[in-house]
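Read the structure below first, then the notes.
The values are calculated or read from the model by the stated rules, or taken from the named source; none is laboratory data. Keep in mind the model is a prediction, meaning the values are calculated, not measured. Quick reminder, even Gly has a Cβ in these numbers, built from the backbone with ideal geometry, and neighbours come from all protein chains shown. All accessible areas refer to the heavy atoms of the entire protein, side chains included, with ligands and DNA or RNA removed. Shrake-Rupley method; radii C 1.70, N 1.55, O 1.52, S 1.80 Å.
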Amino acid sequence: MSNMFKLDGQTAVVTGANTGLGQAIAVALAQAGADIVAAGRSAADDTRALVESAGRRFLFVEADLSSTAPVQHVIDAALNFQGRLDILVNNAGIIRRADALDVTEEDWDAVLDTNLKTLFFLSQAAAGHMARQGAGKIINIASLLSFQGGIRVPAYAASKSAVAGLTHALANEWAAKGINVNAIAPGYFETNNTQALRDDAQRSEAILARIPAGRWGSPADLAGAAVFLASRASDYVHGIVLPVDGGWLAR
Ligand code: NAP
């Protein structure tokens, strides 16, 4: 049974793996046996150390994912690394906080381009290869705001709702090619993304009060879901958006 979760000999691309949830996912996939290609704009030396100490190979590909310009380079670099690409985790994302009346076009475009447009074109480029290989796993990092509107983050909510829709759409098209497209919807996790919320005592307390598990998520809480969706254990799972949220949505 445990073999179903093993990723030995596989290569995973994880975007934004230098910190936060992306780092935890990269380390979890490495511990399950995958070699890691980290694509992002900031050096990922800590992640490299963690992946290599798990006995896996690591490649950093510098890429500013606010545009689609580096997409083909990221996929080509991953293929040159080990000659294969089995798993793509679309994790890189940004959030900009403002009342809807004050959102600028620049902020709107930045959030939608990074969180949605690049995610789609990276998936497209990876899926071309995975389809020829007859197998592949694409994991999108969605959000509770794939289901809810949130507070003062309209572009982010729009982008993450679209990520859920796109996850369904791509699963429909690519399931028959042997590619599983699924998403994880993290709840409230302690990362840079939520620093502003955690710095706001009132918001922080209100959020905590609604989480049935009674605590914020720690990045390692995503490990199990990520390995499940990357592994053979999820071969017949297509198009789900899996909340890992301490029970938030059940409330
Ligand atoms: P984070 O610590 O801010 O990490 C975001 C990652 O995305 C970083 O590696 C960041 O790189 C990268 N990134 C952002 N813009 C990029 C760009 N233009 N090019 C390349 N990389 C870029 O926050 P996180 O919480 O781990 O976020 C990871 C994902 O989880 C995001 O998609 C986020 O929306 C989602 N999420 C988080 C939570 C939560 O509670 N934390 C909840 C739901 C969903 P830099 O370090 O260079 O900025």
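Some points to look at:
- The residues on offer are Ala226, Ala185, and the sole one that is closer than 17 Å to Gly247 by Cβ, within 12 Å of the ligand (Cβ to nearest atom) and under 15 Å from the mean Cα position of the chain (by Cα) is Ala185.
- Residues of segment 15-38 satisfying the condition of being near the ligand (Cβ under 7 Å from one of its atoms) and under 19 Å from His73 (Cα atoms): Thr15, Gly16, Ala17, Asn18
- Test: residue in segment 58-66 that is among the aromatic types (Phe, Trp, Tyr) and outside any helix (DSSP H, G or I): yes
- Enumeration of residues in segment 52-93 that are surrounded by fewer than 21 Cβ atoms within 10 Å (Cβ to Cβ), in contact (Cβ under 8 Å) with a residue 40 or more places away in the chain and near the ligand (Cβ under 9 Å from one of its atoms): Ser66, Ser67
- Among (1) more than 16 Å from Ile139 (Cα to Cα); (2) in contact with a helix residue (DSSP H, G or I) (Cβ under 7 Å, 6 or more places away or on another chain) - the single one Ala176 does not satisfy: (2)
- Just one of the listed residues (Ala49, Ala17) is among the aliphatic types (A, V, I, L, M) and open to solvent by 10 Å² or more (accessible area, probe 1.4 Å), namely Ala49.
- Pairing each residue of segment 162-185 that is open to solvent by less than 30 Å² (accessible area, probe 1.4 Å) with any residue that is basic (Lys, Arg), provided the two are 6+ apart or on different chains, yields C-beta distances under 6 Å for Asn180/Lys137.
- Residues (surrounded by fewer than 22 Cβ atoms within 10 Å (Cβ to Cβ), assigned to a helix (DSSP H, G or I) and more than 12 Å from the ligand (Cβ to nearest atom)) located in segment 128-153: Gly128, His129, Ala131, Arg132, Gln133
- Applying the criterion of being among the hydrophobic types (A, V, I, L, M, F, W, C) and open to solvent by 10 Å² or more (accessible area, probe 1.4 Å) to the residues of segment 1-14, the residue that is nearest to the ligand (Cβ to nearest atom) is Phe5.
- Filter pass, Leu208 being surrounded by 13 or more Cβ atoms within 10 Å (Cβ to Cβ) and without any contact (Cβ under 8 Å) to a residue 24 or more places away in the chain: yes
- Flag if Thr114 is closer than 26 Å to Ser218 by Cβ and free of Cβ contacts under 8 Å to residues at least 60 places away in the same chain: yes
- Residue within segment 102-111 that is open to solvent by less than 30 Å² (accessible area, probe 1.4 Å) and within 19 Å of Thr194 (Cα to Cα) present: yes
- Residue pairs meeting the criteria (Cβ under 9 Å; at least 6 apart or on separate chains; first at positive phi, in segment 227-246; second part of a strand (DSSP E or B)): Gly239/Asn180; Gly239/Val181; Gly239/Asn182; Gly239/Ala183; Gly246/Gly217
- For segment 80-127, a tally of residues being in a strand (DSSP E or B) and not polar (S, T, N, Q) returns 3.
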